[in-house]
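What follows is calculated from the coordinates using simple rules that are stated; it is not laboratory data. Bear in mind the structure is a predicted one, so any value in this text is a computation, not a measurement. Glycine also receives a Cβ, built like all others from the backbone with ideal geometry; neighbour counts cover every protein chain displayed.
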2 protein chains.
Amino acid sequence: MRGVTLTDVALRAGVSQPTASRVLNGSARRPSPAVVEAVRRAADELGYISNAQAQALARSQTGLVGLVVHDIADPYFSSIAAGVQAEAYQRDRQVLLATTLRSTEQEIRAVNAFIGHRTDAIVLVGSRLNTDDGLRDQERLTGLLDRYRGLGGRVAVIGQPLPGTHTIAPDNRAGAAALAKALTAEADAPRQFVVLAGPPKLATAVDRTAGFLRELRREGIKPLAVVPGEFTRDGGYEAAQQVVASLNPQRRWGACIFAVNDVMALGAIAALREAGLRTPRDVQVAGFDDIPTLRDHEPGLTTVALPLQEMGRRAIEMALASDTGEQSVTRVSGRVIMRESTNPTANRAEP
Amino acid sequence: MRGVTLTDVALRAGVSQPTASRVLNGSARRPSPAVVEAVRRAADELGYISNAQAQALARSQTGLVGLVVHDIADPYFSSIAAGVQAEAYQRDRQVLLATTLRSTEQEIRAVNAFIGHRTDAIVLVGSRLNTDDGLRDQERLTGLLDRYRGLGGRVAVIGQPLPGTHTIAPDNRAGAAALAKALTAEADAPRQFVVLAGPPKLATAVDRTAGFLRELRREGIKPLAVVPGEFTRDGGYEAAQQVVASLNPQRRWGACIFAVNDVMALGAIAALREAGLRTPRDVQVAGFDDIPTLRDHEPGLTTVALPLQEMGRRAIEMALASDTGEQSVTRVSGRVIMRESTNPTANRAEP
DNA sequence: CCTAACGTGGAATTCGCATTCCCAATCGGC
DNA sequence: GCCGATTGGGAATGCGAATTCCACGTTAGG
């Protein structure tokens, strides 16, 4: 039941195991052409595939990269994962994937497993938590990652900076502010805003909310409501339902809802539609992230575009960079994209 | 730079390495409580994390599962991946992810890498190819997988059966036929159909097309056109553009387009919209898969629902099942879901 | 009271491969 | 044509943990 080993190949080629090793798995010393040829053929005939585990043990590096996401079915994460995949493929690394379903507990389990597998690097995607519980878990996580780095592991984070790691940090605050600015800039801009703020303990959600509100304040606008909720499609849906219920749904308010991410915005639009409110005619909606899903969504959703794939790619790049730069923060800024969902004149004509 | 090893722990606990091993990494023999306690504490104090690589080498099984998908950013695959993740998590396995971007070449590379890493099982998601090239590569792939199975590896496939593997096979033909039946059943059903057939070399696409056409034939309907294209959103978009260009776009045809998967259908709807044709008022559209994206799409897309997550889950289940059943085929049938996109009376009233 | 069976922890070996010596053969230089 | 410098391949060792086998101490049975 055991596979073809390097020794088998060496035997067949009539050389020693170290020589076979030198031929097949890149070494500084290249044996003579004749030997190389013999070993190559033997390996071929036997269908030798080197045992990465054994190699890892001997070299003490595995060629593995760990990727931790909240939910791989969420387009935000799967886009980033695609970027990670692409870059890992380029660099001939394998990607170990873990899904946390937004539980720090599971995140820690995942990191533990990755350390156990001695991944060369770990990429953590997703926001850190701000609660006390969150902070405690956070410390556990940080401790774990510290030890990991002590062992030579590299860590990259997409989201909020984590001490001692390389971070790709979207400028959530500025992006949200820019969005608010764009929304309030136009002539017949709405003066009423609702923010679907997501979980109060999620840093990303908090930052986006803060950025948006800051800009509103600057414009002298007080938001109608700031509604917390889950960071998911259903979270957006429920929050929007709540908004509709509480805020005089009779009349078309011509207000604008900012959901702190796109999937929430999509959920919100669905809830509004079910309540008989159309977007943007009755209510305008904007999101954040520019997930690929938006491409075919009707109405087109105004949002702040983040280069998701690119972020994934960069994370791997930084994590695998040779310099030992202990820590770094790469800010990536969002680009406001105005689409139909916040165009007040879009479907005004229709009944 | 090396981590805490089992020997370190043993030393600190004042026992031998095998004893520490017995305590920490499940063995049949449980040492005495006092020893267990001592070892546990030592491990804790040192922050011991067992080296999965070394364990794998010694036990000759890695706890890894390989997952090969075409494109993780595609909701079809990411949904399946979510199912795979969930089940793998349950069983305490780590998932190695590879993306092929629809190239069999890369698929083979991925499988090779997985075999190298001695994954306990490999799950292949995505349709096989039918071309000559495809068949040749296919043979290479089959050969590889055979050797893998010879080594004790388990293989599960989601899509078309591959010799010697466990297969989760959606009943594409029957699903598409059922869809056709449902579409032609209604009173004022369309009599004109166009099929966006996807790549002629992709088995899934071919089967769905065949099933659909079969049912049309049974109804005595000859399709207006069967248009090949890529199996992607853009493929659907382009194919639809082509259809619009060739098929008298002046009048609203009241025809129905069946795209062999959902993302193509979404692309098609976008193309139609850009051409000034509305769905379903002017053209009806149906897809296949029921990807989660559809939940918030307007108009709701008629489709054949596949239990994507469940399929992923089942694939892991079968791949990791203890029985040595050499090969098996689990058929999963699609459920036709009629939504607004094929409801001819939906937005007829509007201008 | 002696011996056999059992329970427990340790020494040694193994997994597959990389790597560090080490030795022999070859080469070039004078 | 002799000697030191290369070169090329092999023997031995180590990576970290599982496992087999052994030795020892106990306890029970006769």
To the nearest 0.05, what FRET efficiency results for A:SER16 and A:ARG140 with a Förster distance of 45 Å applied to their C-beta separation?
-> 0.40
So what's the gap between the Cα centers of segment B:179-248 and segment A:288-322, to the nearest angstrom?
-> 33 Å
Which angle between 0 and 90 degrees, to the nearest 10, do you get for helix B:104-116 versus the longest principal axis of chain B when only C-alpha atoms count?
-> 20 degrees
Please compute the Cα-Cα pair-distance distribution of segment B:1-48 with 10 Å bins starting at 0, giving whole percents from short to long.
-> 32, 58, 9, 1
Evaluate the protein assembly as shown: find the radius of gyration of its Cα atoms, find its Kirkwood radius, and give the ratio Rg to Rh.
-> 1.01
Surrounding net charge for B:GLU340, when Lys and Arg each add one and Asp and Glu each subtract one, Cβ distance under 11 Å | +1
Once you have the alpha carbon radius of gyration of chain B, what is it after dividing by 2.2 N^0.38 Å, with N set to its residue count?
-> 1.26
Please work out the C-alpha center-to-center distance from segment B:2-33 to segment A:10-59 and express it in whole Å.
-> 35 Å
Could you give the radius of gyration (one decimal) and Dmax (whole number) of the Cα atoms in segment A:1-100, in Å?
-> 18.2, 54
Shortest-first nm distances, A:PRO200 label point to equivalent points in other copies (7 Å, Cα→Cβ) | 6.3
Count the net charge of all other residues whose Cβ sits under 10 Å from the Cβ of B:ARG12, scoring Lys and Arg as +1 and Asp and Glu as -1.
-> -1
B:GLU37 versus B:VAL332, label points 7 Å from Cα toward the beta carbon: distance in nm?
-> 5.0 nm
For chain A, with only Lys/Arg (+1) and Asp/Glu (-1) charged at the beta-carbon, what is the dipole magnitude about the Cα centre, in debye rounded to 20?
-> 600 debye
Proxy reagent accessibility, fewest Cβ within 10 Å first, across B:VAL84, A:VAL111 = A:VAL111, B:VAL84
Say each of B:ALA185 and A:ARG218 gets a label point 7 Å from the Cα, pointing the same way as Cα to Cβ; how far apart are those two points in nm?
-> 5.8 nm
Principal axes of segment A:110-257: Cα extent on each, largest first, Å | 61, 29, 22
Could you state the principal axis extents of the C-alpha atoms in segment B:33-86, from the largest down, to the nearest angstrom?
-> 53, 22, 19
Tilt of helix B:308-320 relative to the longest C-alpha principal axis of chain B, in degrees (0 to 90, nearest 10)?
-> 40 degrees
Unit charges on C-beta of K, R, D, E only; dipole of the protein assembly as shown, Debye = 860 debye
Rounded to 0.05, the calculated FRET efficiency for the beta carbons of A:ASP44 and B:ARG2 at R₀ = 30 Å is 0.25
Taking the Cα centre of each part, how many Å lie between segment A:149-165 and segment B:136-169?
-> 38 Å
From other protein chains only, count the Cβ atoms within 10 Å of every residue's Cβ in B:210-217, then give the mean.
-> 0
Antiparallel as a % of all DSSP beta bridges within chain B, to the nearest 5?
-> 10 percent
